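Shown next, in structure tokens, is the structure this report addresses.
Every read-out reported here was derived from the displayed coordinates using simple, explicitly stated rules and does not represent laboratory data. Because the structure is a prediction, the values reported are computed rather than measured. Cβ coordinates were reconstructed from backbone atoms using ideal geometry, including for glycine residues, and neighbour counts include every protein chain displayed.
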Amino acid sequence: MSSESLPDDDISGEEVEQSEPSAFVPVNAQLYPLVKISEQASALGVHLSKKFMKQFGSTSPFDSERIARSLGIPKMPKDLMPKLFPALGETLKALEPYLAQLREKLPPNWPRGIDFDKAAWVIQEEGIPLVWVPRVEIVDYLLDAPDRSARLDILLEHKGEIVDDCLTVLNGLAGDLTSGQVPLAAKAVTAFAAGHVEAAQVLAVVVTETAVTKVFPDHSYKRVRKTVKFEKEQMTIGALRMAAALAAIAPFYTSWYPRSKTPPPEELSRHVTVHFADQEHYTLQNAVVAVLLVTSILRAMEDSEAIAALAADDEN
């Protein structure tokens, strides 16, 4: 069978009819807005504390009109402000243990107060992995960048740190599920570090596909793309890291054929890399994305509970 005739919707070697996958079960639908609001409330509390709390001591009278004007809000009753800040402080204090547990479920390389919407866009629409790797400082730079082109420039500017981050993560993996892929992924990273861009990209892409097939053994490419859609408000918190890592697969699995009458994708494409090898597709930008992607997914697969939650959600 020629490469062009390979079925785009086949991931397991045989086309299987599947029903449309459901969205992630919204068991913890309220957790995403809670984390986001609480982070904003905490930041606001710190800001207000620094700006006003010195004036709220027992010897300092409250000036609710002045405070209201500085906050840009309507005039409040005089007896409200003395009650507001203690109540806010007690609320945040009561929430903190719970929020700490929630933060432990977020990717550890995500900065505090991360813009979830921006992160989801960069991962899912631009195909740039942000889970487990790269380090938090680079994630910050990436989310502050204006567009994908600028983000790719940042990745290349920090490729040395990215190599270190990827090898650190891969060297820490010991799960049976990925034991056959981790050494190959590490070789892809070291090939990239040595300047062997083409070899790094191809090996990372092939290992990534193997890993995804292990997570979704009976899925077509089309179904995988739909299953990994990052519905952050609906997914369970336990599956968030796994789902966010896999979300970068959607653009990775975008198909392309010469008969498509459109230029091949510039972004990292499994289809072009494997079936339509062309020097123009093997670039530093695609190679660095590839090594980040394989590292991110292999590390996410270490969390067997997250895989089980993801699979259970997909079956519902």
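Things worth noting here:
- Spacing of the two label points (7 Å from each Cα toward its C-beta) at Thr213 and Asp115, in nm: 3.9
- Placing dummy labels 7 Å off each Cα toward the beta-carbon, the span from Ala150 to Thr190 is 3.7 nm.
- In order through the range 180-188: 3J(HN,Hα) via Karplus (6.51 cos²θ - 1.76 cosθ + 1.60), integer Hz, x for Gly, Pro: x, 9, 4, x, 5, 4, 4, 5, 5
- Per-residue Karplus couplings for the range 117-134, computed as 6.51 cos²θ - 1.76 cosθ + 1.60 with θ equal to phi - 60°, are listed in order as 4, 5, 4, 4, 5, 4, 6, 7, 8, 9, x, 9, x, 9, 10, 6, 9, x Hz, Gly and Pro entered as x.
- Averaged over residues, the count of other Cβ atoms within 10 Å places the peptides 142-149, 184-191 in the sequence 184-191, 142-149, highest first.
- The calculated FRET efficiency for Asp164 paired with Thr91, based on their beta-carbon distance and R0 = 35 Å, is about 0.30.
- Karplus (6.51, -1.76, 1.60) ³J(HN,Hα), θ = phi - 60°, over the range 260-274, in Hz, Gly and Pro reported as x: 5, 6, 10, x, x, x, 6, 5, 3, 10, 4, 5, 6, 4, 8
- Cα shape, the range 110-315, gyration tensor, a/c 1.5 rule: rounded
- For the range 110-315, the Cβ-based charge dipole about the Cα centre amounts to some 520 debye (Lys, Arg positive; Asp, Glu negative; other atoms uncharged).
- Normalised contact order of the range 110-315, rounded percent, pairs of Cα under 8 Å and 6 or more residues apart: 31
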